[in-house]
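Q: First the structure, then my questions, so here it is.
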Amino acid sequence: MSTRSRARHAVERLEPPEALRRGVGSPPLYAIVQGFVAASLYFALGLIAERAQGWTWVVMLAAAGFFVLLVLSYVEGASLHQERGGVTVIARYAFNELWSFLAGWAILLDYVLLIALTAFAATSYAGVLFPPLDVWEWQTVLAVAMIGFLAAVNVRGSGERRFSIAVLLVIADLALQTLIIALGLAFLLDPEAFTDPAALGETPALTQVVFAFTVGLVAFAGIDASSGLAGQVRIGRRGLRRLIALRAVSTVIPYLGLGLLAASALPLSALDAGGEVIERPVVGIVDAFDQPWLADALSILVAVSAMAILAVACNAALLGLSRVGYSLALNRQVPSALGRLHARYHTPWVVIALGAALAMILVIPDDLEFLGSLCALGATLAFTIVHASVVWLRRREPDRDRPFRMPVNVRARGVDWPVPAIVGGLISAAAFLSVMLSHEGARIVGSVWLGGGLLLYIAYRVSQDKPLLKRITVPEASLTRGGAPEAQYGSILVPVLGTPLDDDIMQTAGRLAAEEGEEKGDGGAVIEALWVFEIPLTQPIDAPVPEAELRRARKALQRAKLVGEEYAGVEVATATTRARKVGEGIVHEAERRGVEAIVLAAEEPTAVRGGVLLGGKEGLRDRFVGDMTKYVVTKAPCRIVLTAPPSEPPAAVVPGPDEAR
């Protein structure tokens, strides 16, 4: 069966448009996010209670509310462009490569810190079960061993079984936390937590409350880890809404419930003294029960569950670290050597090893507050960029199909502005500034990390003679070996026109991406299938596109993706844009995306003849191609591959204007 006939047969069996992609499904997404949320209660609740005192539950409720806003932005952003990378992908399509790198570099810091935090906290809870281990030396050894073991597991790669185990552990932990909350509300809750929170401790300063709020946000980096699975999951529009609702409920309940119990049950003297209660706050809560048998039993259950869920979160942080680091290397934002894939397991072992080593170093000082504040700085910066990106994508891609569209929008100047994303962006920006201004250690180390990352990015792009703001990709397989030559066409733009020739265009692009890479030992490249909505001059550029035209575009792009991805190692991303002329739109997107080639159908000329005498370009006669093709060939910043109907020669490589000169 030919490639075209296989594609046509497969199109008939396509799933509904709302299906995102095949993969491991939505339970792993829930497990990753909820694992981080549950883990944060085990390591951050003590820091929050120490600063917020009786207002702990208010701070936790506010953090849970921000979580809902963040989930809305992440889900809408990740559903627009289903590529691995989380915040880096969302920022790339909203702004440019520099902002994409900055967001990715910030979240990368968060993952390293979360690896250290979860390992540190897990060994602290181990001291409940084995008191001889409750000393700094043994806790450090165990934390380093835990990080090393999980790093090795991640180098070997993850599978559905590991995700399934994580789901079960997260559900069991959520059940235990719910039980503790129910018993605590019955036996431990102090009514003054609602009526007079200041009576439960000292009245905290505003700066202390703000710090407590930012610490409450650190675990939400788990959303980025699950967002990085966007290219692997299979979940429809209804599934997205259910997942959001489930995330919101399973975050608000434990955050609010344990926040109330922390304000009521954790003794102020113990918090002021620091030590065990801050490092093991949930054990401190259950120890407050008057019934010794209940306190002892719950302490053991909490210790076991905490170690398990913190291990799940540590593993998820390593997963997020590997995906973000690999995405940065794949898009030439950091040296390719950092994203090099393991020859056997095909995992980015270099970035995993470096991240794990850095986390091991951060565990040694035994400074929970410093780790929490630095983690808050990276998280709030990344979250600010996510919210801003989703807001700007509403303006930049107003007609792109959105499997999920967040509620509460205000229409102004032809754009539906998302209110939750705007509010969330303002909150996260204010939180970022508060951390920078109030915590010297986080400010210094965070500035060094961000500044060093920017210098690395700029130096690498300049050394490779690549633009700073445009996307440049390398084939995935080229990261499996050092020093391998890169494919000639690292990224290819394919304008799709909705004609029978589209299959030939994608097949040509697929051969360039796969066969040429195979000859050079590099593998495939990225193909970006593009549909241009041509808006007449009589209408504003943001005028609504007819529904029939939207359906035609979706169908054509879906088919193009199917045909292109039949070639080994080829990944096809789809996009739409608006322009007054199709040719102008193609050239603009080629410049914006920094592609290395355009594969274009040789548009047939119109019946009007002319040539050089009527303003045509010599060498491109009207009898050969039409106006759109001529415009792209003369204006495009890269090579152009022209395809023709079967009766004509199959393909001709045309140099770009710079090469022609």
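Q: Could you put Ile427, Ile285 in order, starting from the residue whose Cβ has the fewest other Cβ atoms within 10 Å?
A: Ile427, Ile285
Q: Going by average Cβ neighbours within 10 Å, how do the peptides 408-417, 32-41 rank, with the highest at the top? Write down the numbers at each step before the final one.
A: Values: 408-417: 11.8, 32-41: 28.3.
Ranking the peptides 408-417, 32-41 by packing returns 32-41, 408-417.
Q: While we're looking at this one, here's another question. Given a Förster distance of 56 angstrom, what is the FRET efficiency for Leu246 paired with Glu440, based on the Cβ-Cβ distance and rounded to 0.05? Could the numbers behind the result be given before it?
A: Details: r = 40 Å, r/R0 = 0.71.
Calculated value: 0.90.
Q: Between Ala548 and Asp627, what is the label-to-label distance in nm when each label sits 7 Å out along the Cα-to-Cβ direction?
A: 2.3 nm
Q: Tell me, Glu76, Glu571 in order of fewest to most beta-carbon neighbours within 10 Å? Present the calculation step by step, with values, prior to reporting the outcome.
A: Numbers: Glu76 24, Glu571 21.
In order of increasing Cβ crowding within 10 Å: Glu571, Glu76.
Q: I've got another one for you. Assuming R0 = 41 Å, what is the FRET efficiency of Arg405 and Ala295, from their Cβ-Cβ distance, to the nearest 0.05? Intermediate values should be presented prior to the final figure.
A: Values: r = 48 Å, r/R0 = 1.17.
So the FRET efficiency works out to roughly 0.30.
Q: Okay, next question. If eta is 0.890 mPa s and T is 25 °C, what Stokes-Einstein diffusion coefficient results for the stretch 21-459, Kirkwood Rh from Cα pairs, in µm²/s?
A: Numbers: Rh = 21.6 Å.
Roughly 114 µm²/s, to the nearest whole number.
Q: Using amide H atoms built in the peptide plane, which far-off residues or other-chain residues are under 5 Å from Val595 H to H?
A: Distant-sequence amide H within range of Val595: zero hits.
Q: In nm, give the distance between the simple-model label positions of Asp416 and Ile253, each being 7 Å from the Cα along the Cα-to-Cβ direction.
A: Computed distance between label sites Asp416 and Ile253 equals 3.1 nm.
Q: Apply 1/(1 + (r/R0)^6) to the Cβ-Cβ distance of Val141 and Gln464, taking R0 = 51 Å, and write down the FRET efficiency to the nearest 0.05.
A: Values: r = 42 Å, r/R0 = 0.82.
Efficiency computed from Cβ-Cβ geometry: 0.75.
Since every read-out is calculated from the coordinates, none of them should be taken as a lab result. These numbers come from a predicted model, not from an experiment. Cβ atoms come from the backbone with ideal geometry, glycine included; neighbour counts cover every protein chain shown.
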